[in-house]
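The values are calculated or read from the model by the stated rules, or taken from the named source; none is laboratory data. Note that the coordinates shown come from a computational prediction; the quantities given were computed from them, not determined experimentally. When we count neighbours, we look across all protein chains shown, and the Cβ atoms used for this are built from the backbone with ideal geometry, even at glycine. In case anyone asks, the SASA skips ligands and DNA or RNA and just uses the protein heavy atoms, side chains included. Shrake-Rupley method; radii C 1.70, N 1.55, O 1.52, S 1.80 Å.
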Amino acid sequence: MAVAQKGAITFGLVYIPVDLYAAVQDNNIRFNQLDRESHRRVRYKKIVEGEDRELAQKDIIKGYEYEKGKYVVITDDEMESIKTEKDRSIQILQFTNQCSIPPIYYNRPYYVVGQKGGEKAYQVLCRAMQESGKVAIGKTVMGQTETMLTLIPTDHGLLLVTMFYYDEVKEVPRETARPEIGKPEMDMAMKLIQSMDQPYETEKYHDEFQQRLRDLIAQKVEGQEVAAPKKSKEGHITDLMEALSASLE
């Protein structure tokens, strides 16, 4: 597995060298775009505006438009030059209870693996966080962006989850109406929840739609006729108490 980023965890005067590895992967099927008539691939060219000249990736640089039609060029070396040692490390800013972090702020997880020479400090930090029941809030620079993050202790080590900033999270578009709820509805809803309560088993679930899509592709490749799935005869029950009662049964 390739290292996504090398760095170090810092808090106080403690320095723990670590590597970050992407913790998730995208398993979705990817489609190519084709011409409807010829079924040939549709490809996109990078051309200079106002010219019919195609560019290779090595000929493309970054530019910021500070006025209409005027750009200042920023190189990768210049971007690296403004990074401080703090930017290259994972700075722990505070410790807190995980329940105090709204889930909407979580973004992408990474495994944090201690580098050679920092294993003991890594284990001390992970164990101390586990026993105190705390997670760490910090930040680091990933690519061109300073990113907020949470370090979460697990039995396998530290997990880093990147976070959105406050101004990146949109407001709720509208509040849901809150009608009066009676005790019978609540009692039955609680019974339904209790009847479905069980430990979460990660291996139990998989992407069923992707599997059906793979089967569809296999059938098409073999020249088989694709049959439409049978529609479910089950209708939705509009009465809440009736729906809860039927669900429990």
How many residues of the range 58-77 are of a type in the set (Lys, Arg) and in a helix (DSSP H, G or I)? The answer is 1
Filtered residues of the range 102-111 (kept if closer than 26 Å to Asp167 by Cα and surrounded by 14 or more Cβ atoms within 10 Å (Cβ to Cβ)): Tyr105, Tyr106, Asn107, Arg108, Pro109, Tyr110
Does at least one position in the range 154-167 carry a residue that is open to solvent by 90 Å² or more (accessible area, probe 1.4 Å) and outside any loop (DSSP other than H, G, I, E, B)? yes
Filter the range 26-46 for residues that are open to solvent by less than 90 Å² (accessible area, probe 1.4 Å) and either under 24 Å from Ile137 (Cα atoms) or in contact with a strand residue (DSSP E or B) (Cβ under 6 Å, 6 or more places away or on another chain) (or both) and give the result. none
Determine whether the range 112-133 contains at least one residue that is surrounded by 12 or more Cβ atoms within 10 Å (Cβ to Cβ), part of a helix (DSSP H, G or I) and of a type in the set (Val, Ile, Thr). yes
Of the residues that sit in the range 193-211 and are within 22 Å of Val24 (Cα to Cα) and part of a helix (DSSP H, G or I), which one is least open to solvent (accessible area, probe 1.4 Å)? Gln210
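Which ones in the range 1-25 are open to solvent by 90 Å² or more (accessible area, probe 1.4 Å) and assigned to a loop (DSSP other than H, G, I, E, B)?
Within the range 1-25, Met1, Leu13, Gln25 meet the criteria.
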Regarding Val172, is this residue part of a strand (DSSP E or B), among the β-branched types (Val, Ile, Thr) and either in contact (Cβ under 8 Å) with a residue 12 or more places away in the chain or more than 17 Å from Ile92 (Cα to Cα) (or both)? no
Please count how many residues of the range 78-101 are open to solvent by 60 Å² or more (accessible area, probe 1.4 Å), modelled with pLDDT under 95, outside any helix (DSSP H, G or I) and not hydrophobic (A, V, I, L, M, F, W, C). 4
